[in-house]
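Here, each number is a calculation from the coordinates, and none is a lab measurement. None of these values were measured; they are calculated from a predicted model. No Cβ is skipped: glycine too gets one built from the backbone with ideal geometry, and neighbour counts run over all protein chains shown.
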Amino acid sequence: MLKLKLSEVLSSVRLEPQPGSDIGSLSDQLFPPVSIDSRTIKAGEAFFAIKGERFDGHQFLPQALERGAQVLVLSDTTDLPPLPEDCMCLKAEDTTAALQRLAAFVREQWGKSLLAITGSMGKTTTRHFTASLLGTGQNVLQSPGNLNNHIGLPLTLLEIDEHHDSAVVELGMNHPGEISLLSSICHPSGALITNVGPVHSEFFSSMLEVAQAKGEILDHLDPAGTYFYNADDPLVVGLRDQFSGRQVSFGFGTDANYQVTDFHFKNLQKMEFSIEGPDCLIKASVPFIGKHVLYNIAAATAVALESNLEPKAVQNALSSLRPLPQRGQILECEGITIWDDTYNSNPEAVNTLLDTLRLVTGYHRKVLVLGDMLELGSESTKYHRQVGGKAASSNLDYIFTVGPEAWNAGAEAGNTGFPQGHIDHFNDSHGAAEFLRHFLQPGDLVLIKGSRGVRMEVITESLRGVLS
């Protein structure tokens, strides 16, 4: 964490020392690193007792103290256990808000380049690729895992240190106003919107509303900063008028500043492509495939080149990119090829994968295992049936569905002419895993896709022998 004096934090974050906490003699002391987890907190750290929907950090004060917490930040100081002599207690009206204010203060004091990425799909992969490319010439902080919400983002920002040259963070949402809050915390100097699609659509009445919610990021973008956007997505393009500063686009269309001009698949583990930008042409290959991934690559390339990295360095770094776990990994197991895209799902992501799968050849059988696509609201049945209809024409040999919503996809595939004997349904991922362990044969390719709530990773783990 950035070096900040305790006195600075108290005034900026609005924390009130409690009786028995001798702040006067410690005002020049540095504020310690922060933890919200009593199970992993280290001696000397500050414990923020966060109240969530299913937990209350105040219940774990004894454990935090036992592990050596030096500072307690609480909203409720009743029934406070005895504190060690070297431990201080600070009160905040709302500990989550206090965590956010501290993160915003750290970001302000650090003051270097920060790119915030949002969008309906591809946020995490774009963040990972962008940080990887920037990392060839900079020391880059990026959001770990999927820490992209009102607690995860502050925790990421609190990892900023003096040695970081830049940061790449991810902003997630499922309600209006969330992107505005997150953007106000991280104050981006660059903003990137990947796309707008039917994800978390149960909380919005239209895709235009989803786009407007994503566009909240531009309200907090530094006027001297840059808006990076997908030139092929009309809803994202429509947000341009909300920002009067510099704008850089990426995509396949001729109007994109960074245009994917050529791509082809050698096999599941090799994709060659070209990206043409202002005064440069980059040709590279990566050991994974998918047109949807090229948007992530083009976005990352645009950011890297606009950050003054040399085209040759970016081109060399592209070949080192790898997909994150459960996001398009190709796995081999006893002659069976598993295309693991189980982290999450939505209609556009599935449709794009089906477009790619249709072009893949050289396998004994091509099998789709599709789990529920969640949070689609009243349009869920419609979206699942649309995906089922597309699957029926995607050169597949078998379609297996998992979960009550995905059943509609299988039903529509059958209605569209896919052989009924090659469609089956399972209530949960465990049942599908047990069946597939005996059904799949060497030479088969199986694509596994579904929303996190369906736990489709159980199938991948079972096929790899992780589960009994």
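Miscellaneous remarks
- The chain - share of DSSP beta bridges that are antiparallel (%, nearest 5): 30 percent
- In the chain, taking the dipole from charged Cβ atoms about the Cα centre, the farthest positive-side position among V293, Q420, P32 is held by Q420.
- Taking every DSSP beta bridge that has both ends in region 329-463, the antiparallel portion is near 20%.
- Structure-based [θ]222 nm, the chain - -39500 (n - 2.57) summed over DSSP H runs of at least 4, per residue, nearest 500: -9000 deg cm²/dmol
- Short-range pairs are left out: with C-alpha atoms under 8 Å and at least six residues apart, the relative contact order of region 111-318 is 20 percent.
- Cβ crowding within 10 Å, taken as a proxy for footprinting-reagent exposure, orders H292, H187, H175 from fewest neighbours to most as H175, H187, H292.
- Å³ per residue enclosed by the Cα convex hull of region 329-463: 89 Å³
- When only alpha carbons are used to place a centre, region 92-117 and region 399-444 end up 46 Å from one another.
- What the Kirkwood sum gives for the chain is a hydrodynamic radius of 24.0 Å, with every pair of different alpha carbons counted.
- Antiparallel %, DSSP beta bridges [both residues in region 6-93], to 5: 25 percent
- Listing I336, I330 from fewest to most neighbouring C-beta atoms within 10 Å gives I330, I336.
- Remark: relative contact order (the chain) = 10 percent; criterion is Cα-Cα distance under 8 angstrom and separation of 6 or more residues.
- For K3, K390, K366, order by how many other beta-carbon atoms lie within 10 Å, fewest first: K3, K390, K366
- Residues whose placed amide H lies under 5 Å from that of S120, excluding near-sequence neighbours: T194, N195, V196, G197
- Relative contact order for region 6-93, counting Cα pairs under 8 Å that sit 6 or more residues apart, in percent: 30 percent
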